[in-house]
Amino acid sequence: MPTPQSVMHAVVENISRVIVGKRAAAELMLISLLCEGHVLIEDRPGVGKTTLVSAMARSVDCSFRRIQFTPDILPSDITGFSMFNQKSGQFEFKPGLIMSCFVLADEINRTSPKTQASLLEVMEECHVTVDGITYPVGPPFMVMATQNSAEYVGTYPLPEAQIDRFFMRISLGYPEADEEVAILKRFGAQNPLHDLTCVTDGKVIVAMQEMVRRVYVEDSVYRYIVELTRRTREHPDIELGASPRGSLALFRASQANAFYQGRGFVLPDDVKAMSEPTLAHRLILRQEARLRGQTQEALVAESLRQIPVPVVRAHGA
């Protein structure tokens, strides 16, 4: 029987068969899945955001739907709606596009705020409510949204409540020259995504999600996480710091990173590695800080430098 570590590495390797040179992004996607979190992939057009999500979904034998967000899509298209059946004389629920294990919300910022808000409940509670009746999704359940950071015309910026529900924000960036050559060769004959097969299933993922929750965290690391998130709320360049949901995301991501590395306990290095993808997108900078060219990522790194790193023994040592 394959070990959890072998399954996790098989998923990352499978994604790497399609995405060239972005192993770190694939690992972050997997860590978010193990934490039952959702991912916002924000970058320039054409760098492989949608391909990364599709490769992730095809690696796990679960249902997958893609929603191409446009200005005319309605909330009922997402959540579903009740329709009267004349034969039975009763209302029947017609499932929306969100009723799947993996959901690609492509170009999520191209739809109206009203439709964006239809995702709030399901992203937080893993169910939708239509006409007072609750319908569960998953498990596992994961929303993977994309948006282009360079486009503003015809888009609707995500509100703070929506952004805060994304467990991580990931950026891919342009490939290196050798990587781009490898992309041309790999996609020259056909799209390798078409031949990608699953390497695990939903039951295994749910079992590993439970294992992640049992990864040991020392009290000093709890304090380290809280000190980091509280520092973002007190920084003079930050108008709105990370919420307690951000603290929980960093805590869970640190557990999952330790689990991915084959450890049963969290180290401060796990917290450092997960701090930027889990916290940076939750920060709202003051206008004068943005004018100076300050970035969310730089402020998270600054907070890390200012907080003393706790000394942690191996659990059981």
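Say each of ALA161 and ILE307 gets a label point 7 Å from the Cα, pointing the same way as Cα to Cβ; how far apart are those two points in nm?
2.7
Tell me the label-point distance for the pair HIS127, ASP269, using the 7 Å Cα-to-Cβ offset, in nm and rounded to one decimal.
About 4.2 nm separates the two model spin labels.
For region 5-87, compute Rh as the Kirkwood radius over C-alpha pairs and then the Stokes-Einstein diffusion coefficient at 10 °C and 1.306 mPa s; write the answer in µm²/s, rounded to an integer.
It comes out at roughly 106 µm²/s.
Could you list, by residue number, the cysteines of the chain that have no other cysteine's beta carbon within less than 4.7 Å of their beta carbon?
Among the cysteines of the chain, those whose Cβ sits 4.7 Å or more from every other are CYS35, CYS126, CYS198.
Give me the Debye-computed log₁₀ of I(q)/I(0) at q = 0.16, 0.17 Å⁻¹ for region 215-306, equal point scatterers on Cα only, no solvent, two decimals.
One equal scatterer on each Cα of region 215-306 leads to -0.59, -0.65.
Calculate, axis by axis, the spread of Cα positions in region 54-208 along the three principal axes, and write the results as whole Å, longest axis first.
62, 39, 31
For a protection proxy built on the mean count of beta-carbon atoms within 10 angstrom, sort 56-62, 16-22, 289-295, 183-189 highest first, please.
Values: 56-62: 22.4, 16-22: 20.0, 289-295: 12.7, 183-189: 11.1.
Highest-to-lowest ranking by the protection proxy: 56-62, 16-22, 289-295, 183-189.
For SER82, which sequence-distant residues (separation of 5 or more, or a different chain) have an amide H within less than 5 Å of its own amide H, given hydrogens modelled in the peptide plane?
Result for SER82 returns LYS94.
Which whole-angstrom value gives the distance between the alpha carbon centres of region 281-315 and region 110-153?
So the separation of the two Cα centres works out to 28 Å.
Take ALA298 and GLN5, extend 7 Å from each Cα along the Cα→Cβ direction, and tell me the distance between the two endpoints in nm.
So the label points at ALA298 and GLN5 sit 3.9 nm apart.
Would you pull out the residues with amide H under 5 Å of ASP201's amide H, same chain only if 5 or more places away, H placed 1.01 Å from N?
Residues meeting the criterion, in which the H sits 1.01 Å from N, are ASP61.
Ordered by residue, what ³J(HN,Hα) values in Hz, to whole numbers, does region 218-223 give under the Karplus form 6.51 cos²θ - 1.76 cosθ + 1.60, where θ = phi - 60° and Gly and Pro are x?
Per-residue couplings from phi come out as 6, 4, 5, 6, 3, 4 Hz.
Where does the chain land at 222 nm, in deg cm²/dmol rounded to the nearest 500, when only DSSP H runs of n ≥ 4 count, each adding -39500 (n - 2.57), divided by all residues? List each step's numbers first, then the result.
On the way: 14 runs with 140 residues, N = 317.
That comes out to -13000 deg cm²/dmol.
Per 10 Å bin, what is the whole-percent P(r) computed from every C-alpha pair distance within the chain?
Cα pair-distance distribution for the chain, in percent: 6, 25, 32, 26, 9, 2, 0.
Show me the ranking of peptides 254-260, 264-270, 49-55 by mean Cβ neighbours inside 10 Å, starting with the highest. List each step's numbers first, then the result.
On the way: 254-260: 25.7, 264-270: 20.0, 49-55: 22.4.
Sorting 254-260, 264-270, 49-55 by mean packing, highest first, produces 254-260, 49-55, 264-270.
Could you point to the residue in VAL226, ALA253, ILE284 farthest towards the positive end of region 215-306's charge dipole, with +1 and -1 charges on the Cβ of Lys/Arg and Asp/Glu respectively?
Result: ILE284.
I want to verify the translational diffusion coefficient of region 1-144 in µm²/s; compute it with Stokes-Einstein, Rh as the Kirkwood radius over Cα pairs, at 10 °C and 1.306 mPa s. Don't jump to the answer; show the numbers that get you there.
Details: Rh = 16.5 Å.
Here the translational diffusion coefficient equals 96 µm²/s.
Just flag the trypsin sites (Lys or Arg not before Pro) in region 80-157 sitting in loop per DSSP whose Cβ has no more than 10 other Cβ atoms within 10 Å. Show your work: numbers first, answer last.
On the way: sites: LYS87, ARG110, LYS114; in loops: LYS87.
The qualifying sites are LYS87.
Could you give me the ³J(HN,Hα) list for region 186-198, computed from phi with Karplus coefficients 6.51, -1.76, 1.60 and θ = phi - 60°, whole Hz, x at Gly and Pro?
3J(HN,Hα) across region 186-198, in whole Hz: 5, 9, x, 7, 7, 6, x, 5, 5, 9, 6, 10, 6.
Here, each number is a calculation from the coordinates, and none is a lab measurement. If you're wondering where the values come from, they're calculated on a predicted model, not measured in any experiment. Note that we place each Cβ from the backbone using ideal geometry, even for glycine, and neighbour counts take in every protein chain shown.
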